[in-house]
Amino acid sequence: MKFISTLKNIWKIEELKNRILVTLGLLLVYRFGAQVVLPGVDASQLSNLASQTDGGLLGLLNAFTGGAFSNASVFALGIMPYISASIVVQLMGIAVPYLQKLQKEGESGRRKINQITRWLTIAITLVQGPGYIYNLFSTLPQSAFLLGDTVTFVASSVIILTTGTIFAMWLGEKITDKGIGNGISLLIMVGIIATLPQAFIQEFASRVFESNGGLIMILIELVIWFLIILASVMLVMAVRQIPVQYARRTASGGYEKNVFGSRQYIPLKLNASGVMPIIFAQAIMFIPAAVAGLSEGETSQGIAAAFSDIFGFWYNLVFALLIIVFTYFYTAITVPTNKMADDLKRSGGFIPGIRPGSETGEFLDRIMSQITLPGSIFLALIAVFPAVVVQLLGVQQGWALFFGGTSLLIMVGVAIDTMQQVNSYLLNRHYDGLMKTGKNRKAIA
């Protein structure tokens with residue numbers, strides 16, 4: 001009853017209702033575009049492409065694009081080139097003085113950085129587009145191409161794929177501005193969720209109709225899936241609260257030297273880097289297989305095979321170690337403990353028992369190092385858990401991708417972020433929130 005009441009309250013807030021409707025409408029447009037096949041490709045002969053993306057790295061990419069990759073859709077590359085461009089620009093911001101200057105210029109600098117990211121997205125798409133087209137040539141029969149492998153078909157398809165990526169990027173930005181939640185993240189999440197029903201149906205058919213464990217195994221898998229979702233929520237929400245004391249201002253504007261000022265907390269997230277370490281690690285994991293594939297030696301072929309199997313032991317061992325390393329790296333560049341200490345000192349705050357300034361920065365850095373270790377290990381365990389369920393329970397690879405890794409963490413993170421935004425609208429209008437922290441706020445007469 002409380003949930004139904006909360007939904008009614010959401011519908012009562014005109015601005016929130018309009019934002020939700022805009023978000024749903026734009027997501028529907030994106031999903032419609034994922035079903036539109038490239039001009040010149042016979043949609044009835046895409047079965048070979050679908051079988052190529054049943055598992056492995058291409059299966060993961062197909063999940064991120066919501067099946068558009070296996071449909072040879074105009075959105076086949078999805079929003080991933082934009083994500084790649086954003087990562088590159090973010091990393092360049094550490095070393096390039098011009099980007100560092102833009103980051104300090106506020107809104108105008110942010111707009112310039114967004115423009116640079118858009119141009120880099122186009123460049124990346126123009127590189128990935130021909131690769132995708134030639135993958136179609138090697139996978140599909142010649143009869144599937146109505147125009148043949150002509151320059152006209154390749155050029156027009158690359159332009160369409162680039163346009164599709166830019167249009168998807170525009171949809172994401174419009175959702176962020178006019179809708180609810182982060183638009184780019186929502187597009188990825190919707191794409192992942194779109195492949196979930198088919199993956200579950202295939203797993204259900206394998207268990208029940210092929211006598212491969214029956215309904216008991218399906219029930220066990222659902223329980224494990226529910227538990228891993230809870231663990232992912234805990235990882236995303238977990239914080240270490242650092243108490244901060246603020247000196248109380250006097251009537252004359254000075255500070256009283258006592259401990260009776262307001263006390264607040266600095267929330268340091270257990271997993272401050274989000275899913276970025278997994279994305280970085282997966283990008284690196286492409287390299288060993290690609291380099292080893294250049295040689296025809298027996299050892300090189302063995303390495304290529306080991307690092308091409310995303311559910312294999314050696315792949316996941318190296319993958320987990322890289323995630324731990326990148327978690328420390330990304331946390332170090334995104335959590336400026338020295339800047340936090342300086343801001344705290346300027347605002348008249350201090351951590352009890354720690355001197356303001358450099359000692360506070362060292363203290364925060366030490367705490368971040370301590371909480372990042374269990375956070376990185378927990379993140380690595382969730383990332384490799386799909387391989388565990390494949391090896392131990394015999395779960396099909398498509399369904400196993402939802403038991404952890406980037407897919408699950410993106411779904412959990414985006415869902416929590418969107419719920420928090422809806423929650424803030426409800427609390428501002430004196431309604432009960434969606435989350436447990438929400439309380440009924442009465443208007444002050």
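Values as computed for the structure displayed
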quantity	calculated
Residue match in region 378-389 (condition: surrounded by 16 or more Cβ atoms within 10 Å (Cβ to Cβ), touching a helix residue (DSSP H, G or I) at 6+ places or on another chain (Cβ under 7 Å) and without any contact (Cβ under 8 Å) to a residue 60 or more places away in the chain)	no
Count - residues of region 89-102 that are assigned to a helix (DSSP H, G or I) and over 14 Å from Tyr330 (Cβ atoms)	9
Count of region 136-158 residues which are without any contact (Cβ under 8 Å) to a residue 40 or more places away in the chain and crowded, with 17+ Cβ neighbours inside 10 Å	2
Top-ranked residue in region 115-125 [being free of Cβ contacts under 8 Å to residues at least 40 places away in the same chain and surrounded by 15 or more Cβ atoms within 10 Å (Cβ to Cβ); ranked as farthest from Ser157 (Cα to Cα)]	Ile116
Pair list, Cβ < 8 Å and 6+ apart or interchain, from region 2-21 residues that are within 15 Å of Thr176 (Cα to Cα) to residues that are not in a helix (DSSP H, G or I)	Leu16/Ile180; Arg19/Gly179; Arg19/Ile180; Ile20/Gly179; Ile20/Ile180
The lone exception for Leu120 - which of (1) in contact with a Leu (Cβ under 9 Å, 6 or more places away or on another chain); (2) more than 18 Å from Pro39 (Cα to Cα) it fails	(1)
Residues being assigned to a loop (DSSP other than H, G, I, E, B) and within 19 Å of Tyr30 (Cα to Cα) - total across region 180-231	3
Odd one out for Ala168 among (1) closer than 20 Å to Ala85 by Cα; (2) not in a helix (DSSP H, G or I)	(2)
Residue check for Arg240: surrounded by 14 or more Cβ atoms within 10 Å (Cβ to Cβ), without any contact (Cβ under 8 Å) to a residue 24 or more places away in the chain and touching a helix residue (DSSP H, G or I) at 6+ places or on another chain (Cβ under 6 Å)	no
Residues (small (Gly, Ala, Ser) and at pLDDT below 80) located in region 91-108	Gly93, Ala95, Gly106
Residue ranges of helices (runs of 4 or more DSSP H) in region 321-415 with at least 2 members acidic (Asp, Glu)	337-346, 358-393
Test: Val89 is aliphatic (A, V, I, L, M) and farther than 27 Å from Ser407 by Cα	no
Qualifying positions in region 330-361 - surrounded by fewer than 16 Cβ atoms within 10 Å (Cβ to Cβ), in contact (Cβ under 8 Å) with a residue 12 or more places away in the chain and within 26 Å of Phe378 (Cβ to Cβ)	Ile333, Thr334
Region 1-45, residues that are under 22 Å from the mean Cα position of the chain (by Cα) and more than 25 Å from Lys174 (Cα to Cα)	none
Residue within region 299-308 that is touching a residue at least 24 places away in the same chain (Cβ under 8 Å) and in the same structural domain as Gly413 (by TED's automatic domain parsing) present	yes
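The values are calculated or read from the model by the stated rules, or taken from the named source; none is laboratory data. Predicted model only: the values in this text are computed from it and were never measured. No Cβ is skipped: glycine too gets one built from the backbone with ideal geometry, and neighbour counts run over all protein chains shown.
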